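Here's the structure we're looking at; comments come further down.
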Amino acid sequence: MSKENATVEAGQHKKGLQNRHIQLIAIGGTIGTGLFMGAGNSINFAGPAILLVYAIIGFFMFVMMRAMGEMLYQDPSQHTFIAYMTKYLGNRVGFFARWSYWLTTIFFGMAELTAIAKYVQFWFPDMPNWLIQVIFLVVLMGVNLIAVSLFGEMEFWFSMIKVVAILALIVTGIMMAFGHFQTPVGTVSFMNVFHHFSLFPNGVGNFVNAFQMVMFAFVGMEFIGMTVAETDNPRKILPKAINQIPFRVLFFYLGALFVIMTIYPWRDIPAHKSPFVMVFELVGLKAAAAVINFVVLTAAASSFNSILFSSGRNFYSLAAESRAKFLQPFAKMSKRELPSKAIIFSALIMSGSALISSIPAISDAFVFVTSAATDLFLMIYVLVLVAYWQYRKSPDYMRDGFLMRAPRLFVPMAIVFFIFVYVTLFFNSSSVVPAIGATIWLVVFGLISYFQPKEAVLD
């Protein structure tokens with residue numbers, strides 16, 4: 001193998017995750033705070049057609065995950081899917097992807113820490129924002145440093161809380177529909193979803209904009225690819241975890257949204273109030289706001305826990321594939337067989353959010369940077385698919401592995417779709433500036449990566 005396409009063998013992580021951990025983490029990984037808090041806003045954009053938007057995005061995310069899964073199945077020893085970009089697209093692309101993805105997870109983690117503090121202040125309004133962030137950071141960093149099994153157990157219960165909340169919503173909605181429950185805006189009925197149905201109730205522009213809103217509700221789904229490497233039997237567990245993605249999207253997202261629009265006629269759902277809170281208040285749960293706040297707090301904590309897990313392993317991978325001396329200490333495992341130094345370093349960088357949130361001027365800039373970093377996920381997903389295409393042409397291609405169906409059709413479609421979503425960012429006033437920031441990063445850091453000498457990209 002040429003030096004240009006050389007990769008470093010993955011270090012061996014502690015195999016501490018069980019099948020039940022992976023299955024619940026896989027389910028929880030598809031459910032973010034956007035569903036609990038932002039469903040009303042997305043319904044306002046597209047009406048019942050939001051179901052179509054979720055279904056389309058869910059399908060293409062499944063294509064991307066199948067591509068990633070096929071590569072992971074062939075070589076489950078890799079500690080991060082970013083390694084495949086180095087292996088199949090070259091060190092320059094790998095250099096760009098490693099640093100971009102790690103920085104993206106860092107900013108994403110900062111955003112989740114900020115959200116956690118806001119949710120905690122629902123009960124403790126006088127508690128300093130920075131103190132809440134530091135407490136959660138220390139606790140969850142400790143969880144990641146003790147053992148993979150402890151991380152898995154915490155994620156299991158975090159995911160269980162989200163799943164139970166959605167199941168409660170769906171069961172409640174079905175019972176209300178069959179009982180012809182009366183609300184302040186009418187009778188609960190499945191026909192509420194189809195009443196005055198229109199594919200573009202607020203115009204084609206808002207329908208298209210709904211794609212970018214919903215897209216970022218799915219960000220982080222790729223995390224399941226990293227957890228599988230921490231199991232004793234990844235080739236058995238990986239296909240199950242990935243193949244169930246369509247059913248999870250169908251049930252948890254489409255099911256929840258359908259029930260919400262069954263209870264409330266979709267034109268009467270307020271944009272900036274959680275539909276979950278509204279539903280549970282209707283059935284007499286006085287503490288509905290507090291209950292849903294607890295659910296979104298666990299969702300944010302779960303997301304941050306996963307981000308810390310991911311960023312630590314990505315920085316370990318970055319250090320392991322580099323020859324730079326200052327990175328070498330981060331390429332070592334602890335006695336517990338964990339990338340502890342990489343996790344601690346990533347956590348320390350994320351702790352900057354505590355300072356940022358206390359300075360309004362910087363906080364405004366931080367919102368921009370975080371939004372721009374989130375846009376980079378679309379670039380990473382495109383690179384995953386391009387790397388997969390090169391993998392299919394390589395000697396590594398495993399013809400009896402976990403094969404995607406009709407890749408010649410679906411992979412190009414998925415690449416075009418992710419590019420389409422990125423382009424739509426430039427036609428929305430709230431997303432155009434971050435999109436420009438992400439594009440500047442792509443061009444500037446992309447050129448820096450491209451013009452690096454072949455040997456230097458690993459230095």
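What to note about this one:
- Only one of Trp157, Trp130 that is at pLDDT below 90, touching a Ser or Thr at 6+ places or on another chain (Cβ under 9 Å) and surrounded by fewer than 17 Cβ atoms within 10 Å (Cβ to Cβ): Trp157
- The criterion of at least 3 residues that are touching a residue at least 40 places away in the same chain (Cβ under 8 Å) and farther than 30 Å from Val185 by Cβ is met, among helices (runs of 4 or more DSSP H) falling completely within the stretch 212-283, by 224-228, 234-243, 245-248.
- Residue match in the stretch 106-117 (condition: farther than 30 Å from Tyr381 by Cβ and not aromatic (Phe, Trp, Tyr)): no
- Here the stretch 208-265 is the region considered, the condition is being among the polar types (S, T, N, Q) and farther than 21 Å from Val164 by Cα, and the residue that is surrounded by the fewest Cβ atoms within 10 Å (Cβ to Cβ) is Asn233.
- Checking each residue of the stretch 170-184 against the condition of being closer than 25 Å to Val219 by Cβ and buried (at least 21 other Cβ atoms within 10 Å of the Cβ) gives no match.
- For the stretch 396-412, filtered to residues that are among the aliphatic types (A, V, I, L, M) and surrounded by 13 or more Cβ atoms within 10 Å (Cβ to Cβ), the residue that is nearest to Gly437 (Cα to Cα) is Val411.
- Matching residues in the stretch 428-452 - criterion: being touching a residue at least 40 places away in the same chain (Cβ under 8 Å), assigned to a loop (DSSP other than H, G, I, E, B), more than 19 Å from Tyr101 (Cα to Cα) and not small (Gly, Ala, Ser): Asn428
- Options Val139, Val164: the member that is β-branched (Val, Ile, Thr), in a helix (DSSP H, G or I), under 26 Å from Lys341 (Cα atoms) and modelled with pLDDT of 85 or more: Val139
- The stretch 188-203 residues that are among the hydrophobic types (A, V, I, L, M, F, W, C), paired with ones that are assigned to a loop (DSSP other than H, G, I, E, B) (beta carbon under 8 Å, 6 or more apart): Val188/Gly179; Val188/His180; Val188/Phe181
- Taking the criterion of being surrounded by fewer than 19 Cβ atoms within 10 Å (Cβ to Cβ), among the hydrophobic types (A, V, I, L, M, F, W, C) and modelled with pLDDT under 90, the only residue of the stretch 330-348 that qualifies is Met333.
- Boolean, Phe194 is closer than 30 Å to Gly284 by Cβ, crowded, with 19+ Cβ neighbours inside 10 Å, modelled with pLDDT under 85 and not charged (D, E, K, R): no
- The stretch 89-101 - residue that is crowded, with 23+ Cβ neighbours inside 10 Å and either within 14 Å of the chain's Cα centre (by Cα) or not small (Gly, Ala, Ser) (or both) and, of those, nearest to Leu442 (Cα to Cα): Phe96
The values are calculated or read from the model by the stated rules, or taken from the named source; none is laboratory data. Computed from a predicted structure; not experimentally measured. Reconstructed Cβ throughout: ideal geometry from the backbone, glycine too, with neighbour counts over all protein chains shown.
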